[in-house]
Amino acid sequence: MSYIRTKLSPEDKTILQEIYEELEDINIPTTYKSNEKNGAHHAVKTGAVSQKYARQTVFGIIRGKTKSKHTKKYPWILELLKEFMDSHHPDFKFTSVYVNRNVVCKKHLDSKNTGESLLVGLGSYTGGQTTLYIDGKTKKFHIKSQSLIFNGSEISHKSEKFKGIRYSLVFFK
């Protein structure tokens, strides 16, 4: 199987609600640029640079060894992210968590987070399924009720349009 779905428990949902509330209280930078060529590589690849209300940041380790700026500034959020993983999927090892707020990702392959990633959605939104392209077929998943593990560097994926506030958390090594 090229993906694994895991239903969120009531405890998982409680922790995700705490994460949501903390994320809403911090300033996540915009990736919007009037000229896509001036955006960060990942923001260009996912299409976030052309989305005025898209926000993206990372918690954990970046460039293989350094704590991210937001990890240093808001260390308790990384602890909540670890608490979620300990509850939800304790065998899944990660060093970083990419946070997308109100990003509708266009179809892409990941380049930095190779190997398996765990994706989960949170927030007050409707729609926003994640689409995987596997063996010429499309498969859609509601990441708000279940996490999804897959290798985003080998499986093309995107997110669908949504209404409301949508976060996606991407846990990876």
Within the range 81-109, of all residues that are buried (at least 20 other Cβ atoms within 10 Å of the Cβ) and part of a helix (DSSP H, G or I), the one nearest to the chain's Cα centre (by Cα) is L81
Can you find even one residue in the range 61-72 that is part of a strand (DSSP E or B) and modelled with pLDDT of 95 or more?
no
Screening Y32, Y53 for residues that are open to solvent by 80 Å² or more (accessible area, probe 1.4 Å), touching a Phe, Trp or Tyr at 6+ places or on another chain (Cβ under 9 Å), at pLDDT below 75 and not aliphatic (A, V, I, L, M) leaves only Y32
Report yes if T131 is in contact with a Lys or Arg (Cβ under 6 Å, 6 or more places away or on another chain) and either part of a strand (DSSP E or B) or on the phi < 0 side of the Ramachandran plot (or both), otherwise no.
yes
So for the range 129-139 (the condition being of a type in the set (S, T, Y), without any contact (Cβ under 8 Å) to a residue 40 or more places away in the chain and open to solvent by less than 20 Å² (accessible area, probe 1.4 Å)), does at least one residue qualify?
yes
For residues in the range 110-128 being open to solvent by 50 Å² or more (accessible area, probe 1.4 Å), part of a loop (DSSP other than H, G, I, E, B) and closer than 23 Å to G60 by Cα, which is modelled with the highest pLDDT?
S111
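The values are calculated or read from the model by the stated rules, or taken from the named source; none is laboratory data. Everything numeric in this text was worked out from a predicted model, so none of it was measured. Cβ coordinates were reconstructed from backbone atoms using ideal geometry, including for glycine residues, and neighbour counts include every protein chain displayed. The protein model used for the area step is the full one, side chains on, heavy atoms only, and it has no ligands, DNA or RNA in it. Shrake-Rupley method; radii C 1.70, N 1.55, O 1.52, S 1.80 Å.
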